[in-house]
Amino acid sequence: MKAVELSAKWDPKPSFKIGSKDIKGKLTYLGSQVWKDPQVRLTDKDKPKIKDNEVLIKVKRCGIH
């Protein structure tokens, strides 16, 4: 199946004060302050095996602005 992958370098801006969650999990609500050089690529992936409590959603169309 086709997949869109987004990758970037973790490089917080010097002026941004990062918290413990930001450092530990590399998660933040201000991604533009910590991620640098984002790249998007279209790849082929194997269809994932889903568990009994999960669903697999087929997306027909999407857009990125």
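Things to note:
- When Ile64 is tested against the conditions (1) in contact with a Pro (Cβ under 9 Å, 6 or more places away or on another chain); (2) modelled with pLDDT under 85; (3) surrounded by fewer than 10 Cβ atoms within 10 Å (Cβ to Cβ), the lone failure is (1).
- Restricting segment 1-22 to residues that are within 18 Å of Arg41 (Cα to Cα) and among the basic types (Lys, Arg) leaves a set whose member that is surrounded by the fewest Cβ atoms within 10 Å (Cβ to Cβ) is Lys2.
- Picking from residues in segment 11-46 that are touching a Leu at 6+ places or on another chain (Cβ under 8 Å) and in contact (Cβ under 8 Å) with a residue 12 or more places away in the chain, the one that is farthest from Met1 (Cα to Cα) is Phe16.
- Hey, Asp44 loosely packed, with under 11 Cβ neighbours inside 10 Å, among the charged types (D, E, K, R) and in contact with a strand residue (DSSP E or B) (Cβ under 8 Å, 6 or more places away or on another chain) or not: yes
- Considering residues of segment 1-27 that are part of a loop (DSSP other than H, G, I, E, B) and of a type in the set (A, V, I, L, M) only, the residue nearest to Lys58 (Cα to Cα): Met1
- For Asp37, the requirement of being modelled with pLDDT of 90 or more, out of contact with any His (no Cβ under 7 Å at 6 or more places or on another chain) and part of a loop (DSSP other than H, G, I, E, B) is not met.
The values are calculated or read from the model by the stated rules, or taken from the named source; none is laboratory data. Since the structure is predicted, the reported quantities are computational estimates derived from the model, not experimental observations. Virtual Cβ from ideal backbone geometry, glycine too; neighbours counted across all protein chains shown.
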